[in-house]
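The values are calculated or read from the model by the stated rules, or taken from the named source; none is laboratory data. Please read all numbers here as calculations on a predicted model, not as lab measurements. Using ideal geometry, Cβ is built from the backbone for each residue, glycine included, and neighbour counts are taken over all protein chains shown.
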Amino acid sequence: MNPGVVIAVHSYKGGTGKTLVSMNLASIFASQGKNVCLVDLDLRAPSLDATFAADGKHWVNDFLDDRCEPMDLLKDFSKKKGTKGRLLVALANPSMEAIREVVTKDRKWEMRALRRLLSLKELLLKNLAVDYVILDTSPGLLYASINAIAAADLALVVTTWDASDVAGTQGMVGELYDLLEKRTIVLMNKIPEQLITNEEMRKRLTNQFKSAFKLPVIDLLPCYCDVLRQERSTIMALEKPEHPFSRGLVEIAQRIEKTGK
Amino acid sequence: MEKTRAPKPTEVDGIGEVLDVMTLLSLPDHLRKSALTIVKLKKAMAEDVAKETGRARAIESAYLNQLVRMGYLKRVREGKRVYFWAEGPAKAAPSRVSGKGGTA
């Protein structure tokens with residue numbers, strides 16, 4: 001049986017680095033020979049199309065709306081990105097019209113969307129032997145994000161050092177991840193470098209966050225200005241694998257792999 | 001001449017409230033567990049849900065029936081078996097579990 005894992009990458013606030021983490025993790029797993037599917041579920045502000053330009057006519061929106069089949073949706077980027085394993089990508093429609101349509105959906109539609117998402121999970125893990133499905137979500141408590149968390153096996157919460165972000169994440173641990181019985185890990189991103197100049201400081205800070213969230217903190221990633229300056233089309237892990245950001249994410253990928261399903 | 005009796009239509013209970021994720025989050029813990037399991041299994045008997053949740057079948061049956069009364073689940077009897085699911089006609093929701101007998 002394929003022990004594939006579905007990871008929902010989520011956060012309380014926007015701009016924490018979810019998309020950057022999602023696409024780099026997906027690329028790392030694929031470059032290690034794993035079969036990966038990266039799904040853009042940030043339907044209100046899609047951004048993966050800037051990195052994975054595809055000329056397909058079908059979007060995640062169409063699939064959730066029952067207007068296309070999953071195989072119409074999945075684009076294989078393994079050749080283009082030179083990965084050993086398959087790197088399948090499902091993009092959300094970035095047009096204003098599509099975003100307007102998404103915000104008007106009702107509860108019944110969202111319930112069906114969860115069904116569709118669960119059927120996509122089954123197809124990817126069972127029929128296509130995908131090892132990792134990475135769902136890049138919208139921040140906060142939006143339907144699409146909660147659907148993604150409900151469908152996932154693991155929630156990877158990306159949070160920053162910002163006090164309101166930490167407080168919001170603490171709230172979501174109790175009111176969302178715990179209630180949906182999801183295994184959850186936290187990735188602290190954009191930490192000021194001067195706070196983690198040595199291993200002892202890093203350990204102390206990690207323990208502080210562990211007790212604040214009452215969850216395993218998987219790692220602290222410093223804020224790298226040059227990463228933020230990169231063009232959206234750059235996948236750091238593939239193009240600059242020696243960069244500390246890429247190496248940090250390789251370690252995170254290893255830890256996720258060890259934790260398993 | 002022998003009369004042929006038309007098959008009795010299967011009666012479906014449940015008033016069709018929407019069991020979306022926001023509703024799931026607002027349910028009390030004991031009912032949320034059962035409802036989440038039904039979402040995962042698609043269509044299942046109390047026995048199947050009990051296997052997943054680790055609770056007694058009779059307890060699970062009571063919770064599932066409570067969710068039917070609240071309108072969040074639908075219920076249908078097929079012979080001795082009673083199935084629960086969250087939306088759509090019973091026939092359209094294939095079961096992911098292969099139960100052997102048992103009632104709700």
- [ ] Would you be able to say whether some residue in the stretch A:135-151 is surrounded by fewer than 18 Cβ atoms within 10 Å (Cβ to Cβ), among the acidic types (D, E), out of contact with any His (no Cβ under 6 Å at 6 or more places or on another chain) and at pLDDT 90 or above?
- [x] no
TODO: Select from the stretch A:207-246 the residues that are within 17 Å of A:V158 (Cα to Cα) and of a type in the set (D, E, K, R) and write down the one among them that is surrounded by the most Cβ atoms within 10 Å (Cβ to Cβ).
DONE: A:D219
Open item on the list: Only one of A:E122, A:E101, A:E110, A:E97 is surrounded by fewer than 17 Cβ atoms within 10 Å (Cβ to Cβ), within 12 Å of chain B (Cβ to nearest Cβ) and not in a strand (DSSP E or B). Can you tell me which?
Closed with: A:E122
Task: B:A35 vs. criteria touching a residue at least 40 places away in the same chain (Cβ under 8 Å), within 14 Å of chain A (Cβ to nearest Cβ), buried (at least 18 other Cβ atoms within 10 Å of the Cβ) and small (G, A, S) - done: yes
Task: Checking A:A8 against (1) modelled with pLDDT of 95 or more; (2) part of a helix (DSSP H, G or I), the condition it does not meet - done: (2)
TODO: Take A:T206 and decide whether it is more than 18 Å from the chain's Cα centre (by Cα), hydroxyl-bearing (S, T, Y) and closer than 30 Å to A:S31 by Cβ.
DONE: yes
- [ ] Quickly run through the stretch A:53-85 and pick out the residues that are among the hydrophobic types (A, V, I, L, M, F, W, C) and either at pLDDT 90 or above or in contact with a helix residue (DSSP H, G or I) (Cβ under 8 Å, 6 or more places away or on another chain) (or both).
- [x] A:W59, A:V60, A:F63, A:L64, A:C68, A:M71, A:L73, A:L74, A:F77
Open item on the list: If I filter the stretch A:158-175 for residues that are aromatic (F, W, Y) and part of a helix (DSSP H, G or I), do I get at least one hit?
Closed with: no
Open item on the list: Condition first: under 20 Å from A:A155 (Cα atoms), acidic (D, E), away from every other protein chain (no Cβ under 14 Å) and touching a residue at least 24 places away in the same chain (Cβ under 8 Å). Can you find one or more residues in the stretch A:181-200 that meet it?
Closed with: no
Open item on the list: I'm trying to understand the selection: among the residues of the stretch B:42-62, which are over 18 Å from B:V76 (Cα atoms) and either touching a residue at least 24 places away in the same chain (Cβ under 8 Å) or of a type in the set (D, E, K, R) (or both)?
Closed with: B:K51, B:E52, B:R55
Task: Whichever residue in the stretch B:38-56 is facing chain A (nearest Cβ under 10 Å) and either at positive phi or among the hydrophobic types (A, V, I, L, M, F, W, C) (or both) and, among such residues, is surrounded by the most Cβ atoms within 10 Å (Cβ to Cβ) - done: B:V39
Open item on the list: Which pairs turn up if I take residues in the stretch A:228-249 that are touching a residue at least 12 places away in the same chain (Cβ under 8 Å) and closer than 23 Å to A:V217 by Cα and look for partners that are in a loop (DSSP other than H, G, I, E, B) and among the charged types (D, E, K, R) with beta carbon separation below 7 Å, at least 6 apart in sequence or on another chain?
Closed with: A:S246/A:K240
